[in-house]
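Engineer: Right, I'll just put the structure down here and ask away after.
What follows draws every value from the coordinates through simple rules; no lab data is involved. Remember, predicted model here, so these are calculated numbers, not experimental data. Note: ideal-geometry Cβ built from the backbone for every residue, glycine included; neighbour counts use all protein chains shown.
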Amino acid sequence: MRIIDAHLHFGKEPYFDDIARKAQHENTEAHLRKEYARLGIVGGIVMGNRPVADVTTAYPSMLRYCVGIERFSLPGSGDWLDSAVREEALPLVEQHLKRKECVGIKLYPGYHPYWIYDDAFAPLYRLAAQYGKPVAVHTGLTASGDAYLKYSHPSVMDEAATKFRDVQFVMCHFGEPWYTDAAAVLEKNPNVAADLSGILEGKIWDFPAFYRKQKYYIEQLKGWISYLDSYDRFMFGTDWPLANLEDYITFTKDIIPEKHWDAVFFENAKRIYQLT
Ligand SMILES: [Zn+2]
């Protein structure tokens with residue numbers, strides 16, 4: 001089975017080295033290539049954390065990227081709500097979107113105190129629509145304690161997706177752990193898809209024990225995916241280097257019925273991110 005990893009991070013920060021080791025991986029390009037090849041993962045989409053001004057940014061050949069709109073990657077104050085920042089950043093974002101390697105835009109509400117339906121994002125959504133590239137949005141819990149969860153709750157996507165019907169949104173992490181709310185947003189808004197990354201971390205040494213312990217959580221996740229019955233809108237993603245890749249494939253196979261594996265592991269990401 002061919003697989004696309006629709007959500008990973010690729011960086012040389014020591015922080016990534018540590019979390020990769022906890023997942024029984026090494027945070028190097030060579031190791032990632034080797035593991036992808038071993039597991040049949042033919043490509044991946046980096047949720048970009050590099051400067052927006054770096055318009056010629058290069059990733060390994062099997063990877064594409066979403067240009068990340070986050071404080072430390074933006075010019076000036078880094079605050080998207082600051083009109084001077086937007087004025088400087090928008091033409092740079094457009095330069096990214098013109099590249100074939102850039103397959104979308106990534107937003108990080110929660111980590112940043114902004115509402116993704118704020119009018120300040122309208123020009124960004126217009127660009128996404130113009131270039132026909134999705135906007136991926138962090139939703140659900142955040143890795144850092146100084147973020148505000150009200151901004152990353154999955155329901156924030158409802159207003160953005162309703163106002164901008166011609167934009168394809170991707171709800172990263174399916175709003176984890178707010179699966180009920182995430183399902184409501186997907187059910188109402190046909191222009192919202194979701195990736196299933198960020199649900200595992202580290203290495204799972206004993207799956208039966210893990211499933212026993214997390215029974216309620218996993219039944220909720222499976223139950224709401226099944227309720228939606230929209231297997232054309234879910235994508236496999238690992239959040240590399242956060243989780244063990246092989247575990248992630250096992251886990252995703254356990255929560256998705258086998259007849260939808262090809263869609264969830266490959267076809268949906270290829271179609272939604274228009275990978276060629
Ligand atoms: Zn991520």
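Engineer: Do the sum for the chain: with -39,500 (n - 2.57) for every DSSP H run of n ≥ 4, divided by all residues, what is the mean residue ellipticity at 222 nm, to the nearest 500 deg cm²/dmol?
Structural biologist: Dividing the helical sum by the residues of the chain leaves -11000 deg cm²/dmol.
Engineer: Exposure proxy check: VAL85, VAL42, VAL185 ranked by fewest other beta carbons within 10 Å?
Structural biologist: By the 10 Å Cβ count, ascending, the order reads VAL42, VAL85, VAL185.
Engineer: Which net charge results for the neighbourhood of TYR216, defined as the other residues with beta-carbon distances under 15 angstrom from its beta-carbon, given Lys and Arg at +1 and Asp and Glu at -1?
Structural biologist: +2
Engineer: Give the separation of the Cα centroids, segment 149-183 to segment 36-94, in Å.
Structural biologist: 20
Engineer: Then there's this: Taking 8 Å as the Cα distance limit and 6 or more residues as the minimum spacing, I'd like the relative contact order of the chain as a percentage.
Structural biologist: 20
Engineer: Shifting gears a bit: Tally Lys and Arg at +1 and Asp and Glu at -1 over the other residues with C-beta under 12 Å from the C-beta of VAL167: what net charge comes out?
Structural biologist: +3
Engineer: For ASP79, list long-range residues whose amide hydrogen, built 1.01 Å from N in the peptide plane, is under 5 Å from its own amide hydrogen.
Structural biologist: none
Engineer: I would also like to ask the following. Where is the GNM fluctuation largest for the chain (alpha-carbon springs, 10 angstrom cutoff): VAL55, VAL192, VAL67?
Structural biologist: With Cα springs under 10 Å in the chain, the top fluctuation among VAL55, VAL192, VAL67 is at VAL55.
Engineer: While we're here: Taking the Cα centre of each part, how many Å lie between segment 188-207 and segment 253-268?
Structural biologist: 13
Engineer: Stick to the Cα atoms of segment 169-276, pair each with every other, and give me the Kirkwood hydrodynamic radius in Å at one decimal.
Structural biologist: 14.1
Engineer: Still on this model: Taking only Cα atoms and a 10 Å spring cutoff, compute GNM fluctuations for the chain and point out the largest among PRO257, PRO14, PRO91.
Structural biologist: Most flexible of the set in this elastic network: PRO14.
Engineer: Applying the Karplus parametrisation 6.51 cos²θ - 1.76 cosθ + 1.60 with θ = phi - 60° to the phi angles of segment 124-129, what ³J(HN,Hα) value in whole Hz is obtained for each residue in order, glycine and proline being reported as x?
Structural biologist: So the J values, rounded to whole Hz, are 5, 5, 5, 5, 4, 5.
Engineer: Pull out the extension gain between GLN95 and TRP115, defined as 0.36 nm times the separation in residues minus the alpha carbon to alpha carbon distance; nm, one decimal.
Structural biologist: Taking 0.36 nm per residue and subtracting the Cα distance, the gain is 4.7 nm.
Engineer: Using Cα pairs under 8 angstrom and six or more residues apart, how large is the relative contact order of segment 90-155, in percent?
Structural biologist: That works out to 41 percent.
Engineer: So which of LYS34/LYS215; LYS133/LYS163; LYS188/LYS270; LYS22/LYS150 end up more than 26 Å apart by C-alpha?
Structural biologist: Details: LYS34/LYS215 33 Å; LYS133/LYS163 17 Å; LYS188/LYS270 23 Å; LYS22/LYS150 29 Å.
Checking Cα-Cα distances, LYS34/LYS215; LYS22/LYS150 exceed 26 Å.
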